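The values are calculated or read from the model by the stated rules, or taken from the named source; none is laboratory data. Predicted model only: the values in this text are computed from it and were never measured. Reconstructed Cβ throughout: ideal geometry from the backbone, glycine too, with neighbour counts over all protein chains shown. Areas reflect the complete protein model, heavy atoms only, side chains present, ligands, DNA and RNA absent. Shrake-Rupley method; radii C 1.70, N 1.55, O 1.52, S 1.80 Å.
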Amino acid sequence: MRTLRPALFLDRDGVINEEVHYLWKPEDCRLVPGIIPLLQTAQSLGFVTIVITNQAGIGRGMYSEADFHVLMEYIQAELAPHDARLDAIYFSPFHPEHGVGEYKLDTDCRKPAPGMILRAAEEHGLDISRSVLVGDRCTDIAAGTAAGIPHLFLFGNTEAAPCEGSYRKIDSLSEVETTLRTLSA
């Protein structure tokens, strides 16, 4: 029997990289201050670092899945010199209303549904009860709540109104590190 490991689930846009409307070009990518130390802390404490991101720009035909993967490779290369990494990347290219062709689909892998989180938990042997999620939108919080993640953080000022559910609003990614240390003790 394998031991279940905790995970740090991260939304991409607004958490890992600065928010850019439908980001897909590496030259437009800037890492969010604090993401590297957060990843370093998570990894040193045994957390699996997992991206869960809606990418409706693919579904809308604005960029391709190949473009998305090129950008993620760029982000990984930016993290690597700092001994930081993203262990797994899950993305939903679908949109139920604005998707084009095969991407016009209502699916449980698009946040606020928990499909990406649940799939990652199964594929990586994760302990959801000791996991943490950081997002910048209410859909991130809703997905984490639906998946049963008890430690949810809403980062930044993307949402004007409060989200439903139990979460902690933060202004700095360093605020998450204390929770990671507590969970690993």
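For the reader, a short list of remarks on this structure follows.
- The convex hull built on the alpha-carbon positions of the chain has an orientation-averaged projected area of 10.4 nm².
- Under 5 Å, built H, 5+ apart or other chain: amide partners of GLN55: SER92, PHE94
- Using the Karplus relation 6.51 cos²θ - 1.76 cosθ + 1.60 with θ = phi - 60°, the per-residue 3J(HN,Hα) values for the range 85-96 come to 7, 10, 6, 8, 10, 10, 9, 10, x, 8, 8, x Hz, with x marking Gly and Pro.
- Residues with amide H under 5 Å from that of ASN17, placed H, sequence gap 5 or more: VAL32
- For the range 81-166, size of Cβ-based charge dipole, Lys and Arg +1, Asp and Glu -1, in debye: 40 debye
- The angle between the Cα long axis of helix 138-147 and the longest principal axis of the Cα atoms of the chain comes to about 60 degrees, rounded to the nearest 10.
- For a straight C-alpha distance cut-off of 13 angstrom, the aspartates and glutamates reachable from LYS169 (same-chain residues fewer than eight places away being disregarded) are ASP136, ASP140, GLU159.
- Contact order for the range 1-136, expressed relative to its length and based on alpha carbon pairs under 8 Å spaced 6+ residues apart, stands at 34 percent.
- Remark: the range 102-119, residue by residue, has Karplus-estimated 3J(HN,Hα) of 5, 8, 7, 8, 9, 9, 6, 9, 9, 4, x, 5, x, x, 5, 5, 5, 5 Hz, where x stands for each Gly or Pro and the curve is 6.51 cos²θ - 1.76 cosθ + 1.60 at θ = phi - 60°.
- Listed values for the range 71-82 are Karplus-derived 3J(HN,Hα) couplings in whole Hz (6.51 cos²θ - 1.76 cosθ + 1.60, θ = phi - 60°), namely 5, 5, 5, 4, 4, 4, 5, 5, 7, 3, x, 9, and x replaces Gly and Pro.
- Cysteines without a disulfide-compatible partner [the chain; Cβ-Cβ under 4.7 Å]: CYS29, CYS109
- Accessible heavy-atom area order of HIS69, HIS124, highest first, probe of 1.4 Å: HIS69, HIS124
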